[in-house]
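The values are calculated or read from the model by the stated rules, or taken from the named source; none is laboratory data. Source: prediction; values computed, not measured. We place every Cβ from the backbone using ideal geometry, glycine too, and count neighbours over all the protein chains shown.
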Amino acid sequence: MKLTLNSSVTYIFSILVFIIGISLTIGYSYLLFHIIAEFFSIIIAGVIFVLTWNSRDKPDNVLSTRSMNQIHVFHF
């Protein structure tokens, strides 16, 4: 998939809106921020599971799964 300038700007704008929204929730309610962060963590774990499940035929599956989980752990 080739990224165009328009799709790159949209992607960056979406990330900025998400970061600003998360930052505003910290001031409003820490519980709300924590719930959103936990949902984000669950989504990442689900994506890692789906990628692992769909690549189970590959011989380097164990190494790639381990590295994806490490990246997720070190992200937080």
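Residue by residue, here is whether (1) of a type in the set (S, T, N, Q); (2) over 10 Å from the mean Cα position of the chain (by Cα); (3) modelled with pLDDT of 70 or more holds:
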position	(1), (2), (3)
ALA45	no, no, yes
PHE49	no, yes, yes
ARG56	no, yes, yes
ASP60	no, yes, no
MET68	no, yes, no
HIS75	no, no, no
When you go through (1) surrounded by 10 or more Cβ atoms within 10 Å (Cβ to Cβ); (2) at pLDDT 80 or above one by one for GLY27, which number turns out not to apply?
(1)
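Yes or no, residue by residue, for (1) touching a helix residue (DSSP H, G or I) at 6+ places or on another chain (Cβ under 8 Å); (2) of a type outside the set (Lys, Arg); (3) more than 20 Å from ILE71 (Cβ to Cβ):
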{"site": "SER14", "(1), (2), (3)": "no, yes, yes"}
{"site": "PHE18", "(1), (2), (3)": "no, yes, no"}
{"site": "SER23", "(1), (2), (3)": "no, yes, yes"}
{"site": "PHE33", "(1), (2), (3)": "yes, yes, yes"}
{"site": "PHE39", "(1), (2), (3)": "no, yes, no"}
{"site": "GLY46", "(1), (2), (3)": "no, yes, no"}
{"site": "LEU51", "(1), (2), (3)": "yes, yes, no"}
